[in-house]
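Beneath this line is the structure, given in structure tokens, with notes to follow.
The values are calculated or read from the model by the stated rules, or taken from the named source; none is laboratory data. Keep in mind that this is a model prediction, so the values were computed, not measured. When we count neighbours, we look across all protein chains shown, and the Cβ atoms used for this are built from the backbone with ideal geometry, even at glycine.
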Amino acid sequence: MDNSTRRMRNTVLLPVTLFSVFLFFFFILNIESIYAQNIENWKTFTDPAKRFILFCAPNLELKGRENFLSSVDVTLGNQNFDRGFKITVTYNDDDKSLLDHVKGLGISPENYLLAVEEQLKPTYQVYNVGTKFLHSENLYGFPTVSNTVDHTNYLGESGRTKNVLAIVNGKGSFLLSYSNSLGAYNGYLPTVNQIIKSIVILK
């Protein structure tokens, strides 16, 4: 390759390279602004088993698994918030109950989520599950299905819960549940959606 050809190639490649670098940094900045606002100021939770990472707003308190019998991996809360406020994450990366789903025998994410909610129903006086499922791919690219539940506990306290379920790699179930009072539910929902989008599945 002669010098003139080399100079011509460099003249073409340099703008392309610079443009690619620009797009990369633009993408990173856009992710931060859309998914987690100023994500560098958010708290980071890394699962002790190194299965997932999530970011959460600095005003939330992080509490890991209570003991080896607990199925909830992390709970987010704030003592100054409404009494009913809570966000929980449960990740079973080897969920044996999904074997039929993996084999394609008809267990859909929707039915799996309804089965989980059915198990919780006896702990409430009133438990009305919404049947309109919402679908997205906002949990690290994995498809999710979600719905809401309006409930009243045996103390007469009413609230609403959003359950978001993702099937991970065909063998794991990732469930995030956000609960709040009926009056405060919608106000914190955008932050919950940002937390969901900030989650990174490691395995």
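Tabulated data for the structure shown
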{"quantity": "Residue in the stretch 139-152 that is in contact with a His (Cβ under 8 Å, 6 or more places away or on another chain), farther than 26 Å from G170 by Cβ and either at pLDDT below 90 or part of a strand (DSSP E or B) (or both) present", "calculated": "no"}
{"quantity": "Single match in T144, T161 (criterion: within 23 Å of D82 (Cα to Cα), surrounded by 18 or more Cβ atoms within 10 Å (Cβ to Cβ), among the β-branched types (V, I, T) and under 17 Å from the mean Cα position of the chain (by Cα))", "calculated": "T161"}
{"quantity": "Qualifying position, being part of a strand (DSSP E or B) and in the same structural domain as N180 (by TED's automatic domain parsing), among L69, L62, L98, L120", "calculated": "L62"}
